[in-house]
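A short reminder: the numbers here are calculations on the coordinates, not readings from a lab. Small disclaimer: the values here were computed from a predicted structure and weren't measured. Every residue, glycine among them, receives a Cβ derived from its backbone with ideal geometry; neighbour counts consider all protein chains shown.
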Amino acid sequence: MAMFFTSKCGIIYTPQTLLLAYDYSKPLTYAVNRIALLISLFSFFISLLSYLVIFIYLGTRREKPTGASKDRSVLVFGVLKFIFDSIAISLFAIQPLPRETWTEVVTTVLYTFDFYYISLVLYLILNRTLRNEFFGAAKLKQIFKSSQPDPTAI
């Protein structure tokens, strides 16, 4: 990141925009951009590989657990999280986006969804016990809310 504040590499920032843009008029901007992209993708592949190792380890244990679908959900979570992370990073780094409002909004929403909500959503989708408890509690609240007497009916 410090490279972008030198005379050989740069970022363009205007207060009216949400996103930064690479200043390709400087000689090392493209190289630093590609190195940052490779580091990001490498870390995502390491994360995916970690999920695969955990999945393989769980699948090769001598005593098989009764919840084999839980093992599969670990792998599915890892793959889907990897895909969302890769899209969020690669969208901005691989191809420069046009400097338009819609790209800023889409990128901001994508980053926000990826970093704040995707883990929670995937966990609720893939974990049946938590999903049943979560939505069961919501149904219970709704039942109690509808069973209370209407104060205007008196």
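Summing Lys and Arg as +1 and Asp and Glu as -1 over all other residues whose Cβ lies under 12 Å from the Cβ of Ile12 gives a net charge of +1. Near Ala21, once Lys and Arg are set to +1 and Asp and Glu to -1 for all other residues with Cβ below 11 Å from its Cβ, the sum equals -1.
Between amide H atoms placed 1.01 Å from N, distances below 5 Å from Tyr22 occur with Ile12, all of them 5 or more places distant or on a separate chain.
Converting phi to 3J(HN,Hα) with the Karplus coefficients 6.51, -1.76 and 1.60 and the offset θ = phi - 60°, the range 114-123 yields 5, 7, 9, 10, 5, 5, 4, 5, 4, 5 Hz in sequence order, with x at every glycine or proline.
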